[in-house]
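Report on the following structure.
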Amino acid sequence: MKEIDLRRLVIKAFHMNDVKMGDACDVKMNGEFTVGKEIIPSLLEKYDTIQDIDINLIAPGDHDRFTNTIMDIVPISTKVLGKCGDGITHTITGVYVMLTGVDVDGEQAHEFGSSEGNLKEMLRLNKAGTPGDDDYIISFDILFKKGQGQERKGCIQGHAAADDFMQVYRNKLKKFDGSKCTERHEYHDTIRPGQKRVLIIRQVAGQGAMYDTWLFPDEPSGVEGGKSIIDMGNVPIMLTPNEYRDGAIRSMQ
Amino acid sequence: MGIGPSTKETSLHHFRDPLVEIVGSDAGIDLMGVLVFGTADDNVDKIRNSTMAAKIAECMRADGVIVSSDGWGNSDVDYVNCIQELGDRGIPMSGLNFSGSMAQFVTESEYIGKNIIDIAKNPEGVESNIVGENNMSPEDVKKALIQLKIKMREKEMKSE
């Protein structure tokens, strides 16, 4: 029997190959990406658990350096047309944001295990969830006020601050001409009549401050607008495969 | 990072997840959806939520289920209960989980057997705190899918 097409998601990737530090955050369709720090003062004003933030660029292979514990690695993606799992999403390849955190007393922002140390040793590259050999990493390093790296409020604010920073790029990425993308991926939610009906069940983090999962943020893999699975009682929530592929899940850990 | 940095799935992992990618692109599988539940803190919640996940699979008349977890230790309480509930309901299943040498299941189920693929990559089989090290790979997913297909076929043959 014929496959039934329920909806289509098109993810258009724009690869960045000229990545540098500069005066202001900027991203261009031709692969120029500038990492700026100008947003930091406004973030410090907005989030009362954060003492300071540092934003730095780590070039491919330049990993022989200290890192605080890695809270998340996030792709810069934005919704261009349609809802989560449907329509068009733009994403950046070649650059990923790495969120790290420690408090003023040197207490790492972690729960049961911590990944601070030499980045070269503490990050396994080329996995689905980590940058590749040739990728740039934007280090978004948060210095929490005393004890706040262990508190739910602090942890959420840390993620939210990185999200605000990324939104600057998303707003520019949204306006890119889709026909100029470097990669185009098309995904379909389908019904395949007569084939084996399979369900994927994923057990995810849901136990506390550094062990949380958020669902359905406004932007793919974002924070703003998302809902904590802890606040939903950790009960099972159904996603279509396309929603999953479209960044419906944010790892808050 | 939560329970074990080496098993944690980052937001980037979920965006490029090999499980949804491989199962979704298999022409012999009608992937119905992805059911996500959180690892609860409280034992009552752990059992209720993981049972509910298996119940939803039954209500959907799933021919098979693949269960994954991104934690270990007390996460096994929810995980193994989900597997037990699926097994008791006669639903063929396979799974992906980190065990290695240090994180053998803390609870038991007769349905674990060969059905659960160990995604440990660390040479000593330990939680190394290295981000990404003990994440599932495309090869792990392919193994889990093959195991599920075997289980679904076995059930079919029994009823023939």
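The values are calculated or read from the model by the stated rules, or taken from the named source; none is laboratory data. Fair warning: this is a prediction, and the values are worked out from it, not measured in the lab. So basically every Cβ, Gly included, is an ideal-geometry build from the backbone, and we count neighbours across all protein chains shown. Protein only, heavy atoms only, side chains kept; ligands, DNA and RNA dropped before computing areas. Shrake-Rupley method; radii C 1.70, N 1.55, O 1.52, S 1.80 Å.
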A:I237 long-range amide H proximity, modeled H, under 5 Å
B:V36, B:F37
Pop out a list of residues from the stretch A:211-239 that are at least 40 Å² less accessible with all the protein chains around than in their chain alone; 1.4 Å probe, no ligands or nucleic acids counted.
A:Y211, A:N234, A:P236, A:M238
Within a 10 angstrom radius of each residue's Cβ in A:109-120, how many Cβ atoms of other chains show up on average? Whole number is fine.
4
At the nearest 100 Å², what buried accessible area, both sides summed, do you get for A and B when the probe is 1.4 Å?
6200
Taking only Cα atoms, what is the 0 to 90° angle, nearest 10, from helix A:152-173's long axis to the longest principal axis of chain A?
60
Sorted on mean Cβ neighbours within 10 Å (highest first), peptides A:30-43, B:5-18, B:30-43 come out as B:5-18, B:30-43, A:30-43
With every protein chain kept in place and ligands, DNA and RNA left out, what is the accessible area per residue of chain B? Probe 1.4 Å, answer in Å².
37
What is the angle, in °, between the Cα long axis of helix B:75-88 and the longest principal axis of the Cα atoms in chain B? Nearest 10 is fine, range 0 to 90.
10
Roughly how crowded by other chains is peptide B:112-124, in terms of the mean Cβ count from those chains within 10 Å of each of its Cβ atoms?
0
Cα long-axis angle, helix B:43-59 against chain B (0 to 90 degrees, to the nearest 10):
40
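Using a Förster radius of 41 Å, what is the FRET efficiency between A:A24 and B:T107 based on their Cβ-Cβ separation? Nearest 0.05, please.
Computed FRET efficiency for A:A24 and B:T107: 0.15.
Taking the Cα centre as origin and putting +1 on Lys and Arg beta-carbons and -1 on Asp and Glu beta-carbons, what dipole magnitude results for chain A, to the nearest 20 debye?
In total the dipole reaches around 1220 debye.
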Euclidean distance of C-alpha centroids, the stretch B:128-160 and the stretch A:123-143, integer Å
28
The stretch A:1-63 accessible area per residue, 1.4 Å probe, protein heavy atoms, integer Å², reads 54
Measure off, as a whole percent, the carbon and sulfur share of the 1.4 Å-probe accessible area of the stretch A:1-139, all protein chains present.
47
Show me A:48-59, A:211-222, A:80-91 ranked by packing, highest mean number of other Cβ atoms within 10 Å first.
A:211-222, A:80-91, A:48-59
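When you look at the Cβ of every residue in A:68-81, what mean number of other chain Cβ atoms sits within 10 Å? Walk me through the intermediate numbers first.
Working: counts 0, 4, 8, 6, 8, 8, 4, 6, 0, 3, 0, 0, 0, 0.
Per residue, the number of nearby Cβ atoms from other chains is 3 on average.
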Roughly speaking, what is the centre-to-centre gap between the stretch A:69-118 and the stretch B:1-63 when only Cα atoms are used, to the nearest Å?
20
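With respect to the cross-link table entries A:K227/B:K143; A:K83/A:K172; A:K2/B:K121; A:K227/B:K149, which display a Cα-Cα separation exceeding 28 Å?
Pairs exceeding the cut-off: A:K227/B:K143; A:K2/B:K121; A:K227/B:K149.
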